[in-house]
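For reference, the structure is listed below as structure tokens.
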Amino acid sequence: MLKKSILTMDKLKKKDIYNILDDALLFSNSFKDWHLSRKRLIANLFFEPSTRTHYSFISAENQLGLNIADFNPQTSSLTKGESLYDTVKTFSCIGYDAVIIRHTQDNYFEELENIDVHIINAGDGKGNHPSQSLLDLYTVYDEFKTFENINVLIVGDVKHSRVAHSNIHAFEKMGANVKVTGPLELMDKDDKRYVNFDKGIKWADVVMLLRVQFERHGELLKIKKDEYLKKYGLTIERYEKMKKHAIIMHPAPVNRGIEIDDLLVECEKSRIFRQMTNGVYIRKAMIKYIFDEEF
Ligand code: CP
């Protein structure tokens, strides 16, 4: 990469992660109104649907005083066959300082490394989702004030989840313990982290649910949607086995009544909507980081 970018969690050092978390904390309180030192142009290039990531980046960009372009693939030259490389190169040539990209292709950013523009990866296929991972780290750190020996149970469709793939390594790097559970056909092959859900729920300080991605691979699941909750979802019965201080997380969107009982989405232990609020602080901190700005 020619310019400072955030593409995957493994490229971020522990020190950089702590800096981003500390800045996000300041954005949540005393530095709410802080702006970048000069106007910069940023473009949001979402080639795949998104609510939280897309619009919380827009919220963060507005709060930081950026000039924003919101790219629409349907009305762009993508419809005439333009490649991702040519689209991003165009934004760099016409004066954009940074681009935020979500794309269906795993590791799409590898082909963009010689383009002179800052890139933040807003999700690539089933590969990486660093802004989600950072906001998840922030949510856990805010709750427990440490990562050391915090037990994180990731539940559900691990195999197709960029959130799980980013988070497993990020949480382990920060000192947490990670286990996974869910339908065996949705686990990564031979993952030694696998644990039975009913055992894992008593071990966990954080129960991190994942969305079942029916639109990508619903056919892989050998059970019906309504059986999923009972077998692999967070039911009231499993909720009652959670530790007193344990919390529930989910990157959302949530399939209510499938990964989690509808009644638990906003229960006392749930941090699902708090994660979304934290996402804006984290995305402000990520933008500050790529532009190397100081408070
Ligand atoms: N969590 C997440 O990435 O949600 P969106 O797909 O709505 O951005």
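Entry note, the chain: relative contact order of 22 percent, from Cα contacts under 8 Å with a spacing of 6+ residues.
Summing +1 for each Lys or Arg and -1 for each Asp or Glu among the other residues whose beta-carbon sits under 14 angstrom from that of Ile150 gives -1.
Each of Ser37 and Lys189 was given a label point 7 Å from its Cα along the Cα-to-Cβ line. The distance between the two points is 5.0 nm. For the set Lys145/Lys189; Lys173/Lys284; Lys189/Lys222; Lys225/Lys269, the pairs lying more than 29 angstrom apart at their alpha carbons are Lys145/Lys189.
Based on alpha-carbon atoms, the Kirkwood radius and the radius of gyration of the chain give Rg/Rh equal to 0.97.
Could you pull out the GluC sites (Glu not before Pro) across the stretch 174-257 that fall in loop regions by DSSP (anything but H, G, I, E, B) with no more than 16 other Cβ atoms inside 10 Å?
On the way: sites: Glu185, Glu215, Glu219, Glu227, Glu237, Glu240; in loops: Glu240.
Answer by residue number: Glu240.
Counting Lys and Arg as +1 and Asp and Glu as -1 over every other residue whose Cβ lies under 9 Å from the Cβ of Val163, the net charge comes to +1. I need the shape label for the stretch 62-128. Rule: rounded when a/c is under 1.5, else prolate if a/b > b/c, else oblate, with a, b, c from the alpha carbon gyration tensor. It is rounded, given that a/c, with a ≥ b ≥ c, falls under 1.5.
Of the peptides 115-126, 187-198, 86-97, how do they stack up when ordered by the mean number of other Cβ atoms within 10 Å, highest first?
Details: 115-126: 21.3, 187-198: 12.6, 86-97: 16.2.
Descending packing order for the listed peptides: 115-126, 86-97, 187-198.
Expressed as a whole percent, how much of the Cα-Cα distance distribution for the stretch 25-145 exceeds 20 Å?
Pairs farther apart than 20 Å: 48 percent.
Hey, what's the per residue convex hull volume over the C-alpha atoms of the stretch 131-272, in cubic angstrom?
Per residue, the Cα convex hull of the stretch 131-272 comes to 100 Å³.
For Pro251, what is the net charge nearby, where nearby means another residue's Cβ is under 10 Å from its Cβ and Lys, Arg count +1, Asp, Glu -1? Net charge around Pro251: +2.
Counting only DSSP H runs of at least 4 residues, each contributing -39500 (n - 2.57), and dividing by the residue count of the chain, the helix-based mean residue ellipticity at 222 nm comes to -11000 deg cm²/dmol. Take the Cβ-Cβ distance between Glu266 and Phe214 as r, set R0 to 30 Å, and report the resulting FRET efficiency rounded to the nearest 0.05. Step by step, r from the Cβ atoms, then E = 0.85.
The spread of Cα positions in the stretch 190-287, taken along each principal axis and listed from longest to shortest, comes to 42, 35, 32 Å.
Sort largest first and round to whole Å: the equivalent ellipsoid semi-axes of the stretch 244-295, each the square root of five times a Cα gyration tensor eigenvalue. Could you put the intermediate results ahead of the total?
Numbers: eigenvalues 185, 30, 10 Å².
Sorted largest first and rounded, they come to 30, 12, 7 Å.
We did not get these values from a lab; they are worked out from the coordinates using the rules stated. Predicted model, so just to flag it, every value in this text is computed and none were measured. All Cβ positions, even for glycine, are placed from backbone atoms using ideal geometry, and neighbour counts span all protein chains on display.
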